[in-house]
Each structure stands twice: as C-alpha cells, then as structure tokens.
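In what follows, a structure is listed as structure tokens, so that the remarks can point back to it.
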Amino acid sequence: MKIVLRGHHLLCLKGFQGYGYNEDFVENMTYINNRRKQPDSIIEITDSADDICKSCPNLKNGQCENKTQNEQIITMDRKVLKHFDSTEEYDSTELFEKIDEIFDTKESVSKICSDCKWIEQCLFYQKLSNNR
C-alpha cells in the first residue's frame, strides 16, 4: 500500500500517541501510523497536503486555513525533505530507519518541531530528551 506523507509527518508518526485535533484526525493518524509499519508499505513524500492532512479540520483548499501556520508547516516539511529525494518512493521500514539516523538528537528534532503544539507529548522527542 502506498501512503503519501509530507515531510514533517515523518517525525510526527515517530512520536504519535493518540493526540490530535479531533476524533476523525486521531483515527486517521492511528490508521496511517499502523499501516506504515506494515512490510508492504511504500511512502511517497511531499511538501503539501497528504494522507494525514485529509482528516485535519484546518485543511481548506489543500492547505492549512491559517496562512502563518501553513507557512510554518511548509518550512518544517522542507527541513525534513532536504534529506530525501522527493521524486522517489521509499520502503516504509527503510525510510523510518533513515529518519532515526538523521534525527538522532533532541536538537535535530527541535530545529524542526520547536513550535509544534504536541512536542511535549511526542514520544520521539521524549525519547531523545531522555537519551542526553
């Protein structure tokens, strides 16, 4: 199964533990997070609305309805995607192993996620914080 993910969502999925904007969003995020762990999952990466965004209540006309927040999201995406070739599709397991290699310190994640409202609940960030 192919999953389309924007750059920063690669980090979100690593730390997801059930928080979200509403029940539909959490249900979809949980589904995608479980699906990406399946051995036959392929990931297409993007810097625009993806399979997670489709359940976001803030998505309007393919982008976040808050222009400032949309710009921040795109910036986060680009910081992650600079490490990848967005014209390729990736084996999900290999892609997330690469995420672990690239973003292996609290500081490397903070450079991208410092303004995220979920950072204190993020298991990925917490794990890196505890490894200091």
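Taking label points 7 Å from Cα along the Cα-to-Cβ direction, Glu89 and Lys54 give a separation of 1.5 nm.
What is the sum of charges, Lys and Arg at +1 and Asp and Glu at -1, for the other residues whose Cβ falls under 15 Å from the Cβ of Gln72?
Net local charge, Gln72 excluded: +1.
Each of the GluC sites (Glu not before Pro) that DSSP puts in a loop and that has at most 14 other Cβ atoms within 10 Å breaks the chain; the longest unbroken stretch is 1-64. Computed from the Kirkwood radius of its Cα pairs, the Stokes-Einstein diffusion coefficient for the stretch 76-132 at 25 °C and 0.890 mPa s stands at 200 µm²/s. Give, as a single signed number, the net charge of other residues whose beta carbon lies under 9 Å from the beta carbon of His9, with Lys and Arg counted +1 and Asp and Glu -1. Residues close to His9 contribute a combined charge of -2. Counting every other Cβ atom within 10 Å of each residue's Cβ, Tyr125, Tyr21 order from fewest to most as Tyr21, Tyr125. Taken about its Cα centre, the stretch 2-130 carries a charge dipole of roughly 340 debye when the Cβ of each Lys and Arg holds +1 and the Cβ of each Asp and Glu holds -1. Of the labelled figures (1) 8.9; (2) 7.5; (3) 8.1, only one reflects mean projected area of the Cα convex hull in nm² as derived from the coordinates, namely (2).
Placing R0 at 22 angstrom, the Cβ-Cβ distance between Ser129 and Ile102 gives a FRET efficiency of 0.80 after rounding to 0.05.
When shorter helices are ignored and each DSSP H run of at least 4 residues is given -39500 (n - 2.57), the per-residue value for the chain at 222 nm works out to -15000 deg cm²/dmol. When only Cα pairs below 8 angstrom with a gap of at least 6 residues are kept, the stretch 2-130 shows a relative contact order of 35 percent.
Readers should treat all values here as calculations from the given coordinates under stated rules, not as data from a laboratory. Because the structure is predicted, anything quoted here is derived from the model rather than measured. No Cβ is skipped: glycine too gets one built from the backbone with ideal geometry, and neighbour counts run over all protein chains shown.
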